[in-house]
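Note sheet for the following structure.
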Amino acid sequence: MLILGIESSCDETAAAVLTDEPRVLSSVVASQVTLHHSYGGVVPELASREHLKNIRPVVRQALEDAGTDFSQLNYIAVTYAPGLIGSLLVGVTYAKGLSYSLGIPLIPIHHLEGHIFAVELEHGPFPYPALILIVSGGHSTLVFSERREHYLLVARTRDDAAGEAYDKVAKLVGLGYPGGPVLDRLAAEGDAKAYPLPIARTSDGSLDLSFSGIKTAVMRLVQEQKIPAASPPGQEQPAEIKNLAASFQYTVIATLLDRVKRAARHLSPRSIILSGGVACNRGLREIFLSHFQAEGIPVLYPRPSWTTDNAAMIAAAALPKARRGECADSGLNAFASLPLTREKIALPNPLKNN
Ligand code: KG4
Ligand code: ZN
């Protein structure tokens, strides 16, 4: 059985072919980062036009890399929510057309469920119950999962996503888009204690996240401490930029660890799952590993190319749905904003031991 996955929710046009084992036969990602670099973030109109240009060649390349063709496909999986509406529509419309013309079923996938299945693709089914942190450019969500494909919301961001904070801080000091990889690299060379930044907690005692405060604090810091602008790419960065990167990264990780630790104390998960672009972060991976391994809880995350947006994770998420025959009809639509789950887990408020 062969399934074609398609992903176009943000600034990556991606296609992948998987068997139902699952085995990844191909995974192609056409990234738009150079297009958006100088804007310091994704420009939605440019992104959808680029998807339109890329989707056919990317799908063809995925088929070719997998040594197959359209006629061998049994299913198509596509991201239908959430994301940039113009970008999503390119993938959904293309996938609908392909499903109709090939006469094969179409399976709609929630982007965040895709990120969760990237971890299964890497490690196989993980121990449940699992506490799952998805941190990317558009999302910062913590869910509790007692069994596969069942999610209860523990916390979400009330404003910016963690990756968005990385991207905005990088833009502020002139490091371009995306901010995560470059700040991650510079953080390793800086002093995390150089600039103390606030760890946000909500006044109502919930585990919800907020990253707009840290972004504003960095903005003020840059003005007050007269932090110089970043050097052009490829050149050595000033010590102040390295220290800022280290201090910012330390605070983001401390905030995420604070929430996951408090949730874990209450929910006793058997695994901690990290996914989404920010889960590529070396500091985040190291700190989560050392903290939870000391408590005997495995921390699992995918390889970097499956952590950021890709279509292999979308096809992987569709496999159990394909087995159950859960397919979309021709009325499938795209949704810019749609939560992964509407079910919230009830936690005592305030949480004990926090
Ligand atoms: O999952 P993803 O590819 O797209 C969304 O679903 O949003 O995540 C992209 C985000 C960007 O904000 C990027 O700056 C961030 O992930 N990112 C990182 C790292 N690599 C990518 N953030 C922190 N550290 C990294 N190493
Ligand atoms: Zn994503």
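The values are calculated or read from the model by the stated rules, or taken from the named source; none is laboratory data. Predicted, not measured: the structure shown is a model, and the values here were computed from it. For neighbour counting, all protein chains shown are included, and Cβ atoms are generated from backbone atoms with ideal geometry for every residue, glycine included.
Observations on the structure shown:
- Flag for Ala118 being in contact (Cβ under 8 Å) with a residue 12 or more places away in the chain, within 16 Å of ligand 2 (Cβ to nearest atom), surrounded by 24 or more Cβ atoms within 10 Å (Cβ to Cβ) and within 16 Å of the chain's Cα centre (by Cα): yes
- Some residue of the range 129-144 being surrounded by fewer than 24 Cβ atoms within 10 Å (Cβ to Cβ) and on the phi > 0 side of the Ramachandran plot: no
- Qualifying residue in the range 254-262 (condition: small (Gly, Ala, Ser) and touching an Asp or Glu at 6+ places or on another chain (Cβ under 9 Å)): no
- Residues within the range 279-321 that are small (Gly, Ala, Ser), assigned to a helix (DSSP H, G or I) and surrounded by fewer than 20 Cβ atoms within 10 Å (Cβ to Cβ), tallied: 4
- Against the test of being out of contact with any Lys or Arg (no Cβ under 8 Å at 6 or more places or on another chain), surrounded by 21 or more Cβ atoms within 10 Å (Cβ to Cβ) and within 26 Å of Ala263 (Cβ to Cβ), the options Leu209, Leu183, Leu175 yield a single qualifying residue, Leu183.
- Count of residues meeting criterion [within 16 Å of ligand 2 (Cβ to nearest atom) and either more than 30 Å from Leu46 (Cβ to Cβ) or touching a helix residue (DSSP H, G or I) at 6+ places or on another chain (Cβ under 6 Å) (or both)] in the range 91-114: 3
- The residues on offer are Leu347, Leu332, Leu351, Leu340, and the sole one that is assigned to a loop (DSSP other than H, G, I, E, B), on the phi < 0 side of the Ramachandran plot, at pLDDT below 95 and crowded, with 17+ Cβ neighbours inside 10 Å is Leu347.
- Taking the range 223-259 as the range and being surrounded by 16 or more Cβ atoms within 10 Å (Cβ to Cβ), of a type in the set (A, V, I, L, M, F, W, C) and under 28 Å from the mean Cα position of the chain (by Cα) as the test, the residues that pass are Ala230, Ile241, Leu244, Ala245, Ala246, Phe248, Val252, Ile253, Leu256, Leu257.
- Those residues of the range 4-39 which are in contact with a helix residue (DSSP H, G or I) (Cβ under 9 Å, 6 or more places away or on another chain), in contact (Cβ under 8 Å) with a residue 40 or more places away in the chain, closer than 24 Å to His139 by Cβ and aliphatic (A, V, I, L, M), in sequence order: Ile6, Ala14, Ala15, Ala16, Leu18, Val24, Val28, Val29
- Selected residue (criterion: nearest to Ser337 (Cα to Cα)) from residues of the range 65-90 that are outside any helix (DSSP H, G or I) and among the hydrophobic types (A, V, I, L, M, F, W, C): Ala81
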